[in-house]
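Quick note: the coordinates plus some simple rules give every number you see, no bench work behind them. Only a predicted model underlies this, so the values are computations on that prediction, with no experimental measurement involved. A quick note on method: Cβ atoms are made from the backbone with ideal geometry, for glycine too, and the neighbour counts reach across all protein chains shown.
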Amino acid sequence: MSDLDVLLQEDRSFPPPPQFSAQAHTAGADIYRDAARDPDAFWARMARELTWIEPFTRVLDWKPPHAQWFADGTLNASANCLDRHVDGPRRNKAAIVWEGEPGDRRTLTYWDLYREVNLFAKVLDRLGVKKGDRVAIYLPMIPEAVVAMLGCARVGAVHSVVFGGFSPESLRDRINDSRCKLLITADRGYRRGQVVPLKRNADRALEETPSIENVIVVRRRPGAEGDLAFPEIVEGRDHWWHRLMHDAEHDGESFVREPEAMNAEDLLYILYTSGTTGKPKGIVHTTGGYMTGVAATTKYVFDLKDEDVYWCTADIGWVTGHSYIVYGPLAVGATCVVYEGAPDWPDKDRFWQICERYGVTIFYTAPTAIRAFMKWGTEFPARRDLSRLRLLGSVGEPINPEAWMWYHEHIGGGRCPIVDTWWQTETGAIMITPLPGVTATKPGSATVPFPGVSAALLDSLGKEIPEGGGLLALTRPWPSMLRTIWGDDDRYVQTYFSKWEGRPDLYFPGDGAKRDADGYYWILGRVDDVLNVAGHRIGTMEVESALVDHPAVAEAAVVGKVHELKGQAIAAFVTLRSGHQPSGELRDELREHVAEKIGAIARPDDILFSADLPKTRSGKIMRRLLRDIAEGRALGDTTTLADPGVVASLKEQYEHQE
Ligand code: PRX
């Protein structure tokens, strides 16, 4: 049965629990109606919940496909996350409750974080980092990662966080694309009991990053040096974080570094994400609109209250970490749990142990994790007290109804609403989601657009499909939308606003969806050559480029195949250069080669050697057929192929591979 068929049969519906609705931020008002009446006025109201240095008078300037929001206002993102809380009753409230994988713990109050961020901003000043300069951050999930991001925001530098699991080459390319001046990294991180030697990886990247002037290195775990050679420190270029912070603290002046007044449209950050070409795109987010989007969605989607203990399990290397670990939750003054490591280390109940230990009330994770929990069994959550949980969230990929129901029963105890939140790196904030006190949920559906957001299902000609399957579109600009692709505005226009001819006002996210009779959206996944492996976005072209980079490979085609846990897994079809023979060793070598080039998340699950790849008569690789082969489906029409025999032999090989 296809995904669509499964979803068409899903008719369970869960109204919001009355006790939840009664206490929710949405109680007593109809924010859908308010927003629908005048979306710009709604967003302006949301924006005014932030603290502005110079209040804005303009709301939206829309010259499709370029938007500006609140363009004559000034504000600072770090001041919105910190300064406004330390002047009030949240001053001594826990902002970050951190746990490292080895079990080390730290709690930073809003005051602590405020102090650290100010000191770090002074460090940035001293290293000559100025407003508009780009700073690369390559750190594990430690409090310093948050301090580094907010420190950049404070001085007006643009951060570019690179996921710690990315390879040296991936780091190098991202640094070079936006010419970062400074790199912030750590001697190590921990993952499944293993040390991740971040500084060593960074050193390999730094061999070819001429724009980098300085490197700041966090000592992740002082006193635990034994298991890793001390990283090499290059005199004059590399600086220990703790030394710089110590010097900033003892410079005889106040620790306060006033926040830079940023125009609402000044850049806050760049975050690279995969697209349909081999080169990741630097998604550009600005300050005022982004902060408005993340603060409003954090407040209403997660119904965050001062008493909550909120935990988003993402890594700050992804947009979910930016918006829903750092900027959104801190802007609304939440207590956030931050955890460094894997969910099954040292045992498969680690997440539930953390929920119990800190009394987590709101928990936000990805379907791939939920499917792993299901596979591990109910005994792990059952060991722990999860009774404080009141709301659950899901993000990153479609959640299958079975996983939704399991999450609802075994983690939520049948009482917690689930918010399945659809959005993207480009959208900055959640776009399609239930509001937990208002929207009845249906397992597998992200439900309806957030107030102020307009979506539609369109066919390829741009005609609206009221009910059924089609292409998802966002039909009005929204404050937290990407502004451009760093250094490539044409690509911005081409990728996102050129799907429907003559309609540069329609944003195309690259997803297919279904709309039901109630107007609910059911996201089906990417319709372009982008894969979603365990919630991570990977371009087929990136993996193909990494494969053809290997001397044995002549040509490669990569497709996603359905995978029980990861959602999608990577299957690669490879033709070899003459003189090279297929072998198990070569297969392993190629898998490693991709992991080395991009990062372990891109390591293909399957590699199939083939004498030829199925192509149309015009020479285009027919991925649809390869997907059918990889998923073991009966083959459809192959008559347009140049050589139908290629497919039959591929299929046979696939079925017989070990
Ligand atoms: O295909 C959609 C899927 O993830 C893509 C965006 O990936 P990324 O930019 O890495 O951001 C992930 C976290 C926001 C989308 O195009 N996706 C994200 N959330 C959902 C989803 N698919 C279905 N349901 C979701 N809730």
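Computed from phi, the 3J(HN,Hα) profile of region 161-176 under the Karplus parametrisation 6.51, -1.76, 1.60 (θ = phi - 60°) reads 7, 10, 3, x, x, 6, 6, x, 5, 5, 4, 4, 5, 5, 4, 6 Hz, with x in place of Gly and Pro.
Each of Gln494 and Glu307 was given a label point 7 Å from its Cα along the Cα-to-Cβ line. The distance between the two points is 5.4 nm. Stretching the chain fully between Phe255 and Asp528 yields a gain of 93.3 nm (0.36 nm per residue, less the alpha carbon separation).
Label-to-label distance for Glu596 and Arg577 is 1.5 nm, based on points extended 7 Å past Cα in the beta-carbon direction.
Hey, could you get me the Stokes-Einstein D for region 7-119, Kirkwood radius over alpha-carbon pairs, 25 °C and 0.890 mPa s, rounded to whole µm² s⁻¹? Here the translational diffusion coefficient equals 134 µm²/s.
For the chain, what does the relative contact order come out to in percent, with C-alpha contacts under 8 Å and a separation of six or more?
Working: 1409 pairs, mean separation 87.3, N = 658.
Once divided by the residue count of the chain, the mean separation gives 13 percent.
What is the gain in length, in nm to one decimal, between Glu409 and Arg105 on full extension, counting 0.36 nm per residue of separation less the C-alpha to C-alpha distance? Kindly include the intermediate steps, with their values, before the conclusion.
Details: separation 304, 0.36 × 304 = 109.44 nm, distance 3.01 nm.
Between Glu409 and Arg105, full extension yields an extra 106.4 nm.
The residues packed around Glu356, meaning those with a beta-carbon under 10 Å from its beta-carbon, carry a net charge of +2 if Lys and Arg are +1 and Asp and Glu are -1. Between Pro259, Val309, Val319, the Cα set farthest toward the positive side of the dipole of region 254-385 (charges on each charged residue's Cβ, about the Cα centre) is that of Val319. Projected onto its three principal axes, the C-alpha set of the chain covers 77, 61, 55 Å, listed from the longest axis down. Under the convention that each Lys and Arg Cβ holds +1 and each Asp and Glu Cβ holds -1, the size of the dipole of region 122-245 around its Cα centre is about 440 debye. The phi torsions of region 335-342, fed into the Karplus equation with coefficients 6.51, -1.76 and 1.60 and a -60° offset, translate into couplings of 8, 10, 7, 10, 10, 7, x, 8 Hz, rounded to whole numbers, with Gly and Pro shown as x. Here's how it looks for Asn214: its modeled amide H is under 5 Å from those of Leu183, which are all 5 or more places away or on a different chain.
Subtracting the Cα-Cα distance of Glu589 and Arg357 from 0.36 nm times their residue separation leaves 79.3 nm of extension gain. Summarising the label geometry, the points placed 7 Å from Cα in the beta-carbon direction at Ser387 and Lys375 lie 3.3 nm from one another. Of all aspartates and glutamates in the structure, the ones whose alpha carbon falls short of 16 Å from that of Lys63, not counting any fewer than 8 places away in one chain, are Asp40, Glu265, Asp489, Asp490, Asp505. Measuring between alpha carbons in the structure, the pairs from Lys279/Lys566; Lys281/Lys499; Lys463/Lys561; Lys566/Lys651; Lys566/Lys615 lying more than 25 angstrom apart are Lys463/Lys561; Lys566/Lys615.
What ranking do 451-458, 360-367 get when scored by the average of other Cβ atoms within 10 Å per residue, highest first?
Details: 451-458: 21.9, 360-367: 23.8.
Order by mean packing, descending: 360-367, 451-458.
Note on region 534-658: Kirkwood radius taken over Cα pairs, Stokes-Einstein applied at 10 °C and 1.306 mPa s, translational D equal to 108 µm² s⁻¹. Dipole check for the chain: with +1 at the C-beta of Lys and Arg, -1 at the C-beta of Asp and Glu, and the Cα centre as origin, the magnitude is about 720 Debye. Rounded to 0.05, the FRET efficiency of the His66 and Leu127 pair, given R0 = 35 Å and the Cβ-Cβ distance, is 0.55.
Across region 371-388, coupling constants 3J(HN,Hα) worked out from phi with the 6.51/-1.76/1.60 Karplus curve, θ = phi - 60°, read 5, 5, 4, 4, 5, 5, x, 6, 5, 6, x, 5, 5, 10, 7, 10, 6, 7 Hz, and Gly and Pro carry x.
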